[in-house]
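The values are calculated or read from the model by the stated rules, or taken from the named source; none is laboratory data. All of these numbers come straight from a predicted model, not from anything done at the bench. A quick note on method: Cβ atoms are made from the backbone with ideal geometry, for glycine too, and the neighbour counts reach across all protein chains shown. Calculation scope for accessible area: heavy atoms of the full protein, side chains included, ligands and nucleic acids excluded. Shrake-Rupley method; radii C 1.70, N 1.55, O 1.52, S 1.80 Å.
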Amino acid sequence: MAYIKGDERQNVCFLCDARDAPPTDDESKLVLVRGTSGLVILNLYPYNTGHLMVAPYRHVGELDELTHAETDEIWSLTRRSVAAHRATTAPQGFNIGINLGEVAGAGVPGHLHVHVVPRWGGDTNFMPVTADTRVLPEMLVDTYRTLRPALEATS
Ligand SMILES: [Zn+2]
């Protein structure tokens, strides 16, 4: 199912799709938190366990297209995501970044998103960082159910 869903997501922006879905679909859409102008969503194709993304609600692809309010909230949601991970999964480090534009590796170049990838020593030994890596949907649900309350507890 994950494969099929992933393919479908190529045609529709999955961030807009998640934004427009009713909150009752948050778990199936992997939406962790909905803010005023942005959301936090788990990556269906994680580079590592707990890989999540922070995105504005608006479908804009460039950092300089964001309003000040969106910029503030995205940074705040990124900070909260780090705090939620620290409180639950105890990472030893993080890779946090934005790929701006297709040439820079953006998978969805039209809709900006901040990647938050928790890291543990030796993590590439058990979760190879390759394009072909897939995690079981059950693992994603476990991660979702761990992180969601932790994120709600942050401010
Ligand atoms: Zn979009």
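Annotations
- Lone unmet requirement of (1) more than 26 Å from Gly122 (Cβ to Cβ); (2) within 16 Å of the ligand (Cβ to nearest atom); (3) in contact with a strand residue (DSSP E or B) (Cβ under 8 Å, 6 or more places away or on another chain) for Ala106: (3)
- Residues being open to solvent by 30 Å² or more (accessible area, probe 1.4 Å) and under 18 Å from Leu39 (Cβ atoms) - total across region 69-86: 9
- Looking only at region 87-103, and only at residues there that are farther than 29 Å from Ser155 by Cα and within 16 Å of the ligand (Cβ to nearest atom), the one that is least open to solvent (accessible area, probe 1.4 Å): Gly101
- Failed item, numbered, when Ser37 is tested on (1) in contact with a Lys or Arg (Cβ under 8 Å, 6 or more places away or on another chain); (2) within 19 Å of Arg145 (Cβ to Cβ); (3) within 16 Å of the ligand (Cβ to nearest atom): (2)
- Residues of region 60-86 that turn out to be under 26 Å from Glu27 (Cβ atoms) and within 16 Å of the ligand (Cβ to nearest atom), as a count: 2
- Within region 137-155, the only residue that satisfies the criterion of being surrounded by 13 or more Cβ atoms within 10 Å (Cβ to Cβ), of a type outside the set (A, V, I, L, M, F, W, C) and closer than 16 Å to Glu73 by Cα is Thr154.
- Residues of region 40-59 that are within 11 Å of the ligand (Cβ to nearest atom) and either under 16 Å from Trp75 (Cα atoms) or buried (at least 22 other Cβ atoms within 10 Å of the Cβ) (or both): Ala55, Pro56, Tyr57, Arg58.
- Pro22 vs. criteria over 14 Å from the mean Cα position of the chain (by Cα), within 20 Å of Val141 (Cα to Cα), open to solvent by 50 Å² or more (accessible area, probe 1.4 Å) and away from the ligand (no atom under 16 Å from the Cβ): yes
- Test: residue in region 108-115 that is open to solvent by 40 Å² or more (accessible area, probe 1.4 Å) and not in a loop (DSSP other than H, G, I, E, B): no
- Search result, residues across region 43-102 that are in contact with a strand residue (DSSP E or B) (Cβ under 8 Å, 6 or more places away or on another chain), farther than 21 Å from Glu138 by Cβ and of a type in the set (Val, Ile, Thr): Val54, Ile74, Thr78, Val82, Ile96, Ile98
- Applying the condition of being farther than 21 Å from Leu147 by Cβ and modelled with pLDDT under 95 to region 109-120 and asking which residue is nearest to the ligand (Cβ to nearest atom) yields Gly110.
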